[in-house]
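Just so it is clear, none of the values below were taken in a lab; they were calculated from the coordinates. Note that the structure is a prediction, hence the values are computed from the model and not measured. Cβ: placed from backbone, ideal geometry, glycine included. Neighbour counts: every protein chain shown.
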Amino acid sequence: MTPEEVAARLVAVLGDDVTSEVAYGTATVDVPAPRWVEAVQAAIADEQVSATYFDWLSAVDELDEGFSVLVHLWSLTLHHHVLIRTRIPRDTAVLPTLTGVFRGASWHERETHEMFGIGFEGHAGLVPLLLPEGFEGHPLRKEFVLASRVAKPWPGAKEPGESDDGSPSRRRMLPPGVPEPGTWGPEASR
Amino acid sequence: MGVTSGSEPLLFAPATLPVISGGTVPPSGLEAPAPMRFVLNWGRRYSLWVFNFGLACCAIEFIASSMSQHDFIRLGVIPFAHGPRQADLMVVSGTVTDKMAPAVRRLYEQMPEPKYVISFGACSNCGGPYWDSYSVTKGVDQIIPVDVYVPGCPPRPEALLHGILKLQDKIAGERLPLRASEKSVRPSAAVFQRPFVSPPPQVPQHGAVRHRVHGLDQPIRLEVPAVEPPTESA
């Protein structure tokens, strides 16, 4: 099926509170967070979609709008694919686990948990997978500050005409991802 | 470099000999006589069993320099040692992450003295393009002593050959007691060690679609059929 047909079929199966979009040849189906597992099961069980192969699961930090969690499914028999996406709020970032559907989702959920701080209810052990022990913070969240950028000047020129000596008239710019001093870290709590 | 007294080389250097450019002889009987030292260093520099710590794309260049085109065995670098315990030279080629760092350190500790390290490529020199990463160690020299740094991203195989020649020059002028005293101030591997990873807890059995996938996070059990004992009647 074409991406448009896959998206339309899943919307028809799942009902009214589900929307879809097609971009760059990929069907993306947005489902509400409580229907997360149900939507994935429907994509597997529906004979016209039959997306039985779990490819990956990850998340996107959408700042004030919370997190998007995505799972990519592929149909081995029908040779089409679909992204199922949901949105969860930032302060209560919890989703039901998909390990009951795909046991291989366990690693992906562990990685998403350590990188974004998203909880997966029902997962048997959300221990860190990739990060070293004792790592503090969730490095793929946008508020995570890279310490090297704070400690070390950005290599090369950030702006045209900028050089190492630095003209005094120019405002000194912060490297990307580093907030203003006093708004983060130990200074913010003072 | 030579130990000289007047113009004649000394066959047996006294333990208290206060010479050689830029250093003093440590007060020990370990110092070999100069000709013997030359022979030992000559042997060491041309039989470097190399242990490849290939961690990223630089390892491809390293492997290329071990192959017939560049063929570093003609310089006396022998590919490959069977493990760190048989190796003289470790080439760290690639991105060292904080997660990998204890393993690098542990394998370095397993190598017998005298041991040498070449840091190959920008990542293992200083972090390279990952200088601001949350997970990359900013240079392998933060965890183990490095003898030669080869710059490049990735370096050409010729750069590694140049680095090997530099290392051999260094070995040629080496005096083991000095080398040992340099090393002794470093912390032991226990600082970096952590306990072994325990297996994950059992995930409970799941529903109807469970048979569709095979979770790789669980150990795969091999079902071995029971072998019936041979019967006499056959």
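Structure values in brief
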read-out	value
Average partner coverage of B:98-110, which counts Cβ from other chains inside 10 Å	1
Residues B:Ala103 and A:Val22, FRET efficiency given R0 of 60 Å [Cβ-Cβ distance, rounded to 0.05]	0.85
Gaussian network model of chain A, springs between alpha carbon atoms under 10 Å - residue of A:Val82, A:Val60, A:Val13 with greatest fluctuation	A:Val13
Chain A: Rg to Rh, with Rh as the Kirkwood radius over Cα pairs	1.10
For the range A:56-65, 3J(HN,Hα) per residue [Karplus equation, 6.51 cos²θ - 1.76 cosθ + 1.60, θ = phi - 60°, Hz, x = Gly/Pro]	7, 9, 7, 9, 10, 7, 9, 6, 5, 7
Sequence of A:Arg85, B:Arg156 once ranked by neighbouring C-beta atoms within 10 Å, starting from the fewest	B:Arg156, A:Arg85
Cut-off 18 Å, label 7 Å out along Cα→Cβ of B:Leu165, residues of the range B:37-53 by amide N	B:45-48
Inter-chain Cβ neighbour average for residues A:133-140, partner chain, 10 Å	2
Residue mean of other protein chain beta carbons inside 10 Å, A:96-106	5
Environment charge at B:Phe72 (Cβ cut-off 14 Å; Lys +1, Arg +1, Asp -1, Glu -1)	0
